[in-house]
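Worksheet: one structure, shown below.
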Amino acid sequence: MAARTVLQQADITRALTRIAHEILEANKGSAGLVLLGIPTRGVELAERLAALITAFAASSDESVDGRPSPVPFGALDVTMYRDDLARHPTRSPSPTRIPAGGIDGKTVVLVDDVLFSGRTIRSALDAIADHGRPAAVRLAVLVDRGHRELPIRPDYVGKNLPSATSERINVLLTGTDGIDAVTIEDTSRDAPAAPDPDEAITDPADTQSTEEATR
Amino acid sequence: MKHLLSTRDLDRDTAIQLLDIAEDMAATQQREVKKLPTLRGKTVVNLFFEDSTRTRISFEAAAKRLSADVINFSAKGSSVSKGESLQDTAQTLEAIGADVIVIRHGSSGAPKVLAESGWIAASVLNAGDGTHEHPTQALLDAFTLRRRIHGDASRGAALDGITVLIVGDILHSRVARSNVWLLSTLGAEVTLVGPPTLIPHGIDGWPVTVAFDLDAAIADTDPDAVMMLRVQTERMHDAYFPSTREYASLWGLTAARFAALPERAVVMHPGPMNRGFEIASVAADSARSTVREQVANGVSTRMAALYLTATGGAA
C-alpha cells in the first residue's frame, strides 16, 4: 500500500482558487452560474467552488450594485444513468439536489473529483437533460488522469495527472475525509492475485473511498 | 440482491437500503421527466395467477418509469387454463427474454420454487403468494410510515420504538405476515388484533403481541399507526365470525374508535377497502389516512425493488 501524495492541502486550495477565477472569467461574472457536484466528493468540491466564486465576484469591481447573490450549487446523482449497472455490484444512489432556481437557461458547471474514462460525465449529461435545458454545460475536475473512452474533455482542470490504469488515485477532502490530499497508489503490485487490472480499479469495497474511476 | 421473495429473510441494512433507494426514486417522480433509463433493454414480466389491480399496475408503472419493457400476463385466458405447469410457463417467459419475473400466485411458496428450482435465470419478485408474503406491500407500508414519522430526515432511519397495530384478518393476510417481519426488523413493536378464529396457529414464534380486544389494544399500546386489513371473504370457506355487523362493531375501525386514537396515529390500509366493514369512511378519508400515499409510494418502492434485483450482475 505505497500511496504517494501528489497534491497537498495548499495545492488543492490553489487549484480550486484558480478554477474559480477561470470560471468567473469565462462566464464574465457569476450571473447564471449553477454548480452541480457528482457524488460523493464532487458535491463537496462544488460547494467549495461556489463559495470561492461568490467571494471573488463580491470583491470585484463589476458588482457595482452591492453584493451579488451566492452562486447556487447542488448535487447530481448519476447512478441511474450509468451504462455499467449490469456489470457491477449494485450501487446505492445518492440524493440529487437541484438548486431552487432550476437549471433552465443557466450555465451549469459539472464538478467531479477525478476525470477518467468519461463515462460518469456521459451519465451526468443524460441526467441533466432530465432536469431541464441549460444554456451551456461545462466541466470542472480536480484531477484529470487520462484514459478517456469517450469524446469528453474538461473545461477546467486542477491538475493533469498522467497515470497507468493499474494505479489508483484517491481524492481526500476535508468535509468527507477530514483531510485535503490527492494520493496515488499502484494496485498492480499489492493486489492479492488480481486477475485483471479492471477489477482492481473498480473493487466495490473501495468505490466509496476512491475516485469515480469507473470503466 | 437477485430475488425478493420475502421480508422475513431481509436484514436490517438491506431493508433500510431499499427504503433509501425508494426515497431517491420518489424524488425522481417529482421531476418534469419522470422516466429513468436505468433498466433500458430489460424485460419485466408481470406473471399474475391471481386477480390484482393496484399491485400489477404499480409494478407496471414502476418498470416503465425505469424504461424496462413490460409484458403483462394473467392466468385467465392463457395456456395455464389449458393445464400448463408453472415450470413450462416460466420457461416460455424466459425464452421470450424475461429478465425479471414479478409473480403473484395463489399457492404459498410458488415464487420461491420459481427462484430456486433452476428452471430460469431471471430474477423473481414476489408480488403476493397465497397466505405467505407480499414483501413489496410491507416495504411500501414501512416507507409510508417512515415518511410520516421522520419526514425529510427519513433517509437512513428505521422505525425503532414505533408501535403498530395490525387489525383484522391476520390468518389469510400475507400483507400482515410481511409487515410483521419487516416492521420488527426495523425495530417497531407490532401488536396483532383480531377475532381468535382469524389469528393463525403457531403465532407464538412471531415477534409480536397478540390481542383480541381492539379498544383495549388501542388504550394499552397508544399506537403510532393502525393498519387495517381487508377481510378476505374470498378465502373464507368457514364461518370465522358470526356476521359482518358483529365484525364491524368489534374489530372495525369505526368513527368512535378513530376518535379514540392518539392524535399522532396514522391509519393505513393496503386496499382494496371494504368501507363500513373493516374501516369507516371518516377514518379512510381523513388527513391521517395514508391509503392514497401508500399507493403512490408503492411505485417508488417497487422501482427500488426492481432496481436492486435487476442490476448488479454476477459479483
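The values are calculated or read from the model by the stated rules, or taken from the named source; none is laboratory data. This structure is a prediction, so every number in the text was calculated from the model and none was measured. Cβ: placed from backbone, ideal geometry, glycine included. Neighbour counts: every protein chain shown. For the accessible areas, the whole protein counts, side chains as well, though only heavy atoms, and no ligand, DNA or RNA atoms are used. Shrake-Rupley method; radii C 1.70, N 1.55, O 1.52, S 1.80 Å.
Details
- Whole-number D in µm²/s for the stretch B:135-291 (Stokes-Einstein; Kirkwood sum over Cα pairs; 4 °C, 1.567 mPa s): 83
- Both radii come from the Cα set of chain B: Rg as radius of gyration, Rh as Kirkwood radius; their ratio Rg/Rh reads 0.97.
- Pairwise FRET efficiency - B:MET236 versus B:GLN29, Cβ, R0 = 41 Å, nearest 0.05: 0.65
- For the options B:VAL295, B:VAL113, B:VAL180, a Gaussian network treatment of chain B with springs between C-alpha atoms closer than 10 Å singles out B:VAL113 as fluctuating the most.
- As a fraction of the 1.4 Å probe accessible area of the stretch A:48-175, surface on carbon and sulfur atoms comes out at 51 percent.
- Phi-derived couplings, Karplus 6.51 cos²θ - 1.76 cosθ + 1.60 at θ = phi - 60°, listed residue by residue for the stretch B:257-269: 5, 4, 5, 7, 5, x, 4, 7, 5, 9, 10, 10, 7 Hz, with x used for Gly and Pro.
- GNM result for chain B, Cα springs below 10 Å: residue of B:ILE101, B:ILE199, B:ILE170 fluctuating most strongly: B:ILE199
- Three-way shape call for the protein assembly as shown based on the alpha-carbon gyration tensor, with the a/c threshold at 1.5: prolate
- Chains A and B together bury roughly 1500 Å² of accessible area, counting both sides, with a 1.4 Å probe on protein heavy atoms only.
- For the protein assembly as shown, DSSP calls about 20 percent of its internal beta bridges antiparallel.
- Folded to 0 to 90 degrees: helix B:12-28 orientation relative to chain B principal axis, Cα: 80
- Cross-link table B:LYS76/B:LYS112; B:LYS2/B:LYS112; B:LYS2/B:LYS35; B:LYS64/B:LYS112, entries beyond 18 Å C-alpha to C-alpha: B:LYS76/B:LYS112; B:LYS2/B:LYS35; B:LYS64/B:LYS112
- Within the stretch A:113-138, the residues that become at least 20 Å² less accessible when every protein chain is included than when their own chain is isolated (1.4 Å probe; DNA, RNA and ligands ignored) are A:ASP130, A:HIS131.
- Heavy-atom accessible surface of the stretch B:135-291, averaged per residue, reaches 39 Å², computed with a 1.4 Å probe.
- Computed 3J(HN,Hα) for the stretch B:81-96, one whole-Hz value per residue from the Karplus formula 6.51 cos²θ - 1.76 cosθ + 1.60 where θ = phi - 60°, is 6, 8, x, 5, 7, 4, 4, 5, 4, 5, 5, 4, 5, 5, 4, 6, glycine and proline marked x.
- GNM remark for chain B: springs join alpha carbons under 10 Å apart, and the peak mean-square fluctuation among B:ALA90, B:ALA122, B:ALA259 falls on B:ALA259.
- For the stretch B:85-226, the antiparallel share of DSSP beta bridges with both residues in that region comes to about 5%.
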